[in-house]
Amino acid sequence: MFRSVLLVLSAVVGAVFTNGSFEGGTPSSIPPRWDVDSFLNTVGVTIQNPQTVDGLNLSSGGAVSTFILNAPAGPLSEPDPFLGNAASLRWPKYGKQAVIVNANSSDSFGLGRNANSLSQVMTIGAGDIDAGDDKVHIRFVFAPVLENANHWDAVTREVVFARVRDVPAIEFFTPEETRALRPFLDVALAQDDEPRIPVLEMVDAKLARGEGDGYRHHDMPEDGETWRRVAGHLIADGFAELGDEERRAWVQRLHDGELSWDDLDAKTAWSVVMRHALSAFYSHPWAWNEIGFGGPAYPRGYMRMGVGDHVGREPHERDEAFALDPVRDVKERGLE
């Protein structure tokens with residue numbers, strides 16, 4: 001009676017409430033920070049329009065049969081475990097993990113009347129209210145931008161999906177540098193939870209290819225060497241061993257130009273590494289979802305060119321997480 005349901009959600013950065021986080025869970029277990037409840041249905045469903053929970057006629061009892069599934073090959077690589085290879089359904093939609101809700105829900109498994117629910121609860125406090133518009137913003141991790149894939153040509157589609165699917169291995173940075181740089185970037189980009197956008201791997205791949213941005217500061221070394229020296233200072237200061245508050249304080253001092261290094265201008269070094277980090281971060285579709293960018297418009301093209309009545313959002317673009325434009329707001333308040 002109750003079919004199994006695969007839930008496949010993606011990533012969000014710096015949210016009050018993170019809906020998903022399946023990538024950080026252990027296969028065959030309940031996803032972290034989620035609650036699973038079990039029920040029985042012995043009398044059938046009362047069909048309604050719209051359907052209500054009461055109409056499901058759920059009673060107490062049942063068995064918990066909701067858990068994480070892992071797909072080592074990544075998005076759309078695994079068939080439904082019950083429908084088999086002949087069916088078209090493939091999972092996960094994004095990442096490498098999904099959750100199956102109410103698995104084995106058939107008489108064959110003795111669970112024909114079983115039902116499960118998967119839910120999250122959030123607690124909002126005064127500190128979660130955005131001072132710009134006095135509202136709380138809830139951001140969900142499902143990435144609708146990837147639902148636009150059918151509007152892209154094959155080459156564009158493969159480039160975008162590869163950024164989610166094919167995370168490059170670390171080649172440029174040493175293991176010690178990697179251990180220091182990873183938490184540094186997590187703090188700088190407010191990536192507080194899994195799944196994270198693989199910024200370090202993306203930057204590493206760019207530096208390993210010897211690619212730059214076509215220019216550099218006259219008093220700074222090549223960008224790759226700048227990254228190595230920053231990593232060296234992180235290692236020297238034991239950044240990887242610091243607590244969360246100490247890490248944030250260290251990054252804030254680097255941002256504010258309060259660190260003094262003999263081999264590098266710290267404030268300029270901050271601008272160099274963040275240029276690379278932000279370029280990588282905002283090239284990823286999970287970040288596009290956060291800012292309301294609908295992805296490439298090729299070959300569809302753009303309609304809203306900002307001239308005459310062609311203003312506003314493109315039809316495929318989503319609202320941003322915050323109504324207030326932080327860049328414009330900072331300028332208007334003279335806080336640059």
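Just so it is clear, none of the values below were taken in a lab; they were calculated from the coordinates. Bear in mind the structure is a predicted one, so any value in this text is a computation, not a measurement. Neighbour counts are summed over all protein chains in view; Cβ atoms, including those assigned to glycine, are modelled from backbone coordinates with ideal geometry.
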Check your understanding: Which order do peptides 255-266, 68-79 fall in by mean Cβ count within 10 Å, highest first?
Key -> 68-79, 255-266
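Among 47-58, 219-230, how do they line up from the highest to the lowest mean number of other beta-carbon atoms within 10 Å?
Working: 47-58: 10.8, 219-230: 17.3.
Per-residue Cβ counts within 10 Å, averaged per peptide and sorted highest first, yield 219-230, 47-58.
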Check your understanding: Rg to Rh ratio, the stretch 125-245, alpha-carbon atoms and Kirkwood radius?
Key -> 1.04
Exercise for review: Note down the Stokes-Einstein diffusion coefficient of the stretch 147-190 in µm²/s, whole number, using a Kirkwood radius over alpha carbon pairs, 25 °C, and 0.890 mPa s.
Suggested key: 189
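I need the calculated FRET efficiency for the pair residue 216 and residue 291, taking r as the beta carbon distance and R₀ as 30 Å, to the nearest 0.05.
Values: r = 28 Å, r/R0 = 0.93.
Computed FRET efficiency for residue 216 and residue 291 comes out at 0.60.
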Check your understanding: Mind checking which lysines have their C-alpha under 28 Å from residue 206, skipping anything on the same chain fewer than 8 residues away?
Key -> 93, 96, 267
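Taking the mean number of other Cβ atoms within 10 Å as a proxy for protection, how do you rank 187-194, 283-290 from highest to lowest?
283-290, 187-194
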Practice item. Please work out the Cα center distance from the stretch 36-99 to the stretch 275-293, rounded to the nearest Å. Key: 31
Point to revise | q = 0.11, 0.13, 0.21 Å⁻¹, the stretch 61-180: log10 I(q)/I(0) [Debye, one scatterer per Cα] | key: -0.69, -0.89, -1.18
Exercise for review: Averaged over every viewing direction, what's the projected area of the C-alpha convex hull for the stretch 169-239? Give it in nm², one decimal, please.
Suggested key: 5.3
